[in-house]
Structures are given as structure tokens and as C-alpha cells.
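Here's the structure, in C-alpha cells; my notes come after.
The values are calculated or read from the model by the stated rules, or taken from the named source; none is laboratory data. As the structure is a prediction and not an experimental result, all values here were calculated from the model. Note: ideal-geometry Cβ built from the backbone for every residue, glycine included; neighbour counts use all protein chains shown.
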Amino acid sequence: MLSLIFFTSCKKYKPEIGAIPENLELIEHDDYFTLFPKIACDSGNCATLGIMFYPGGNVKPKAYTEMLAHWATAGYRVIIFKMPSDLAVLAPQKAIKCMDEFPEITRWAISGHSLGGAMASDVIEKHNDTFEGLILLGAYPNKSIKDVDIAVLSISAEFDQLTTAADIEESKEKLPNDAQFLDIKGGNHAQFGSYGAQKKDGTATISKEEQHEAVSQAVIPFLFTLQ
């Protein structure tokens, strides 16, 4: 189960990323990082839809900036949360507590990788009228949100051995009937971020960059439908 992943490994996964694109701004705050397009937001044209992102268990939040840069480049403000001991399960309601800090954002989506995705789903279950969409990356919900009126995109990877095809199939009964599913051929669990190989994961046959691109090609049109 995703909720038990952090018991099976105490290794901390640190970012292995290149430079953030020059058109983006990455700012560190006490509890989170914000990633957004500089020119668009400075001119008042930043999208009014924001995305809150929960990292996977034991993974540092900046390990996702390379992948999330694709989403920010499309015009969205992305909030990447820092978690106590890098475990979203220890502070699952952080997304709710910081909403007032972004008055310019009128609609929200929430996303997470692995354990972070499970905790993002828990937020939806408790606050089912707060978010327009949920994006799961190598993740599935602990509790049923089948009856919640929310758009869901669940993205898995062919060689992910931590969130398996069987896990994703079983998750369908906990998600709305119109949830969308995508399996990235050649991808694995760790390549949803940028932090190197992960213990017990499968071996990817595509590059990290190719996996990030495949994720974003599905996510960006999905986000557009939420505006």
C-alpha cells in the first residue's frame, strides 16, 4: 500500500535536476516552493487555476521542479509542499491551510506522486468541494472518492514496481466513473521526479525527460478543462 511505503525505506531521495528554464521563477517559502512563469504573472496574465503538489515519501520537494516546470510553462502557478520528514502523511492538510495566501487563484487542482498522491486523495475526501481536479502520478487513493464530483487523471508507468498495474486497476473502484487513466510505456516510478533510481523500482526504457514530457502532454490539456 502507498500509505506504508515510508515504513519500507528510510533513504532520502535528493533532487538530481538541471537549471530551471529562464522564463520561470522558483521561490522558496517556509512551507513550500512556488513555481510560475515570470512574464505572464508579472503582467497579470497568470492563470487563475493553481496546482498544489505533494511529493512522494522520502523525496525532497525540489526533485519535482523539472517535471512541474512543464506545467508552469503552460501558465499555471504550482505550489510544491515541503513535508515534515519528507512524508506527506504527517501533514496531509497543508494544501487547505495555505489557500488564503494566493487570493489571485480562484480554482485549484491538487496532485501528488506516490504517497503524496494518496494524501492528496485524502484531502479531496475531506474537502470534496474545494478542488476542481486531482492528478495522481504513480499513486492511488487510500479512501474512496468515487462519489465526489471532481475530475481525476491517474497516470501510471509501465515498469513502476512500487505502484503496480494491479494497484491501479484496484484503484478504479475508489475513483469517479469518469476518471481518466494513462499508462506511460517505458516509464517507472522514480522518473515522475528527478531524484535518481529508487529501491525496488523497475528499470525504465525511456529517459526521465521523455517521461516528464509524456506526463505533461496529458496533464496540460486536463488542466485546461478545469479553468
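Structure data summary
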item	result
Cβ-Cβ under 8 Å pairs, at least 6 apart or on other chains, region 88-104 side closer than 17 Å to Ala139 by Cβ, far side of a type in the set (Asp, Glu) and part of a helix (DSSP H, G or I)	Pro92/Asp122
Any hit, region 151-159, residues being farther than 24 Å from Thr48 by Cα, out of contact with any Phe, Trp or Tyr (no Cβ under 7 Å at 6 or more places or on another chain) and at pLDDT below 95	no
Any hit, region 177-194, residues being closer than 21 Å to Ile124 by Cα, touching a strand residue (DSSP E or B) at 6+ places or on another chain (Cβ under 9 Å) and of a type in the set (Gly, Ala, Ser)	yes
Identity of the residue in region 1-60, at pLDDT 85 or above and of a type in the set (Phe, Trp, Tyr), that ends up nearest to Ala151 (Cα to Cα)	Phe53
Tally of residues being loosely packed, with under 12 Cβ neighbours inside 10 Å and touching a residue at least 40 places away in the same chain (Cβ under 8 Å) across region 13-29	1
Selection within region 126-170 - touching a strand residue (DSSP E or B) at 6+ places or on another chain (Cβ under 7 Å), assigned to a loop (DSSP other than H, G, I, E, B) and among the aliphatic types (A, V, I, L, M)	Ala139, Ile150
Which numbered condition Gln227 misses (of (1) farther than 20 Å from Ala63 by Cα; (2) at pLDDT 95 or above)	(2)
Residue that is surrounded by the most Cβ atoms within 10 Å (Cβ to Cβ), among those in region 84-130 that are under 14 Å from the mean Cα position of the chain (by Cα) and over 11 Å from Tyr54 (Cβ atoms)	Ala109
Residue match in region 136-151 (condition: touching a residue at least 24 places away in the same chain (Cβ under 8 Å), farther than 16 Å from Asp122 by Cα and surrounded by 14 or more Cβ atoms within 10 Å (Cβ to Cβ))	no
